[in-house]
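Participant: One structure coming up, written as structure tokens, with questions to follow.
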Amino acid sequence: MNSLIFPILVTVAAIFHLVMRSYMRRGNVKTAFCTIWCMDVIFSICGTVLSFVLYDYLLFPYLTVRNVVMALIYLLITIMIILIAPSGPALFQRKKGLAEEEILLAEYRLNDTFGIIRNCLMCLLFALPILFALLQRSVWFSGAFAWNEAEICGGFCFVAYLILVPICLRQALFWFRNLSDTSTEAEETALRKYQMQMRFRHRNFGL
């Protein structure tokens with residue numbers, strides 16, 4: 001097994017996203033988003049484990065003060081993503097009363113932002129292993145650069161999946177929580193607005 005397993009995983013995830021997008025345009029926005037992000041959590045965790053195993057990362061040599069500090073910074077950034085999001089710590093609490101329509105619309109915009117970040121990382125996870133595999137066949141590249149696959153491709157894949165895990169997990173928790181709540185009038189209004197925007201974007205793309 002080599003790094004080309006990552007483009008295969010990205011292709012499967014991309015096909016799943018396209019299928020769920022068509023399902024979403026038929027009105028099942030919350031269910032589709034919850035399914036997409038839950039599958040992305042599985043995709044990210046599997047990718048992290050695969051990159052860890054594929055490139056034979058050893059845990060104990062990396063347990064230095066510097067790496068522990070980096071891990072703490074990573075956890076701090078993850079917590080900050082949750083805190084600065086529109087729902088904030090309320091993500092882990094049940095909603096009381098009516099939710100603000102502005103907060104819901106902000107959550108949808110945040111969902112789009114995280115979706116763009118995820119898609120960019122997935123594009124890189126698809127393209128970089130293929131590009132590196134092609135460059136390895138080049139005698140000029142092999143002679144000019146002393147980098148190996150574990151340093152470039154393996155390092156990027158591992159970091160990219162570590163970035164995807166908290167983002168996908170946060171969004172999956174948000175949409176999963178929303179599935180268990182009764183939709184309010186403000187939420188239904190926000191969903192209709194978002195669904196209408198999706199239909200317009202799809203129509204404009206088709207034109």
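Participant: Among the numbered conditions (1) under 11 Å from the mean Cα position of the chain (by Cα); (2) outside any helix (DSSP H, G or I), tell me where residue 36 comes up short.
Facilitator: That leaves (2) as the condition not met.
Participant: I would also like to ask the following. Could you please find all residues in segment 1-10 being open to solvent by 60 Å² or more (accessible area, probe 1.4 Å) and assigned to a helix (DSSP H, G or I)?
Facilitator: 8
Participant: Let me ask something else about it. Scan segment 130-159 and report the pairs whose first residue is over 20 Å from residue 5 (Cα atoms) and in a helix (DSSP H, G or I) and whose second residue is modelled with pLDDT of 65 or more and among the aliphatic types (A, V, I, L, M), with Cβ atoms within less than 6 Å and a gap of 6+ or a chain change.
Facilitator: Close Cβ pairs satisfying both conditions: 141/135.
Participant: What single numbered condition from (1) at pLDDT 70 or above; (2) in a helix (DSSP H, G or I); (3) under 22 Å from residue 167 (Cβ atoms) fails to hold for residue 86?
Facilitator: Among (1) at pLDDT 70 or above; (2) in a helix (DSSP H, G or I); (3) under 22 Å from residue 167 (Cβ atoms), residue 86 violates only (2).
Participant: If you go through segment 15-32 one residue at a time, do you hit one that is part of a loop (DSSP other than H, G, I, E, B), over 22 Å from residue 107 (Cβ atoms) and of a type in the set (D, E, K, R)?
Facilitator: no
Participant: Checking residue 44 against (1) modelled with pLDDT under 80; (2) within 13 Å of the chain's Cα centre (by Cα); (3) of a type in the set (Ser, Thr, Tyr), only one condition comes out false. Which one?
Facilitator: Residue 44 satisfies every listed condition except (1).
Participant: Could you check how many residues of segment 168-191 are at pLDDT 75 or above, closer than 15 Å to residue 104 by Cβ and open to solvent by 70 Å² or more (accessible area, probe 1.4 Å)?
Facilitator: Result for segment 168-191: 1.
Participant: From the residues in segment 151-167 that are open to solvent by 40 Å² or more (accessible area, probe 1.4 Å) and under 17 Å from residue 135 (Cα atoms), which one is modelled with the highest pLDDT?
Facilitator: 156
Participant: Another question, then. Quickly run through segment 22-41 and pick out the residues that are modelled with pLDDT of 80 or more and basic (Lys, Arg).
Facilitator: 30 - this is the single residue of segment 22-41 that is modelled with pLDDT of 80 or more and basic (Lys, Arg).
Participant: Here is a follow-up. Which residues, counting only those in segment 78-87, are open to solvent by less than 90 Å² (accessible area, probe 1.4 Å) and more than 13 Å from residue 169 (Cβ to Cβ)?
Facilitator: 86, 87
Participant: Can you tell me how many residues in segment 14-46 are surrounded by fewer than 19 Cβ atoms within 10 Å (Cβ to Cβ), under 20 Å from residue 160 (Cβ atoms) and among the aliphatic types (A, V, I, L, M)?
Facilitator: The number of residues fulfilling the criteria is 5.
The values are calculated or read from the model by the stated rules, or taken from the named source; none is laboratory data. This structure is a prediction, so every number in the text was calculated from the model and none was measured. Note that we place each Cβ from the backbone using ideal geometry, even for glycine, and neighbour counts take in every protein chain shown. All accessible areas refer to the heavy atoms of the entire protein, side chains included, with ligands and DNA or RNA removed. Shrake-Rupley method; radii C 1.70, N 1.55, O 1.52, S 1.80 Å.
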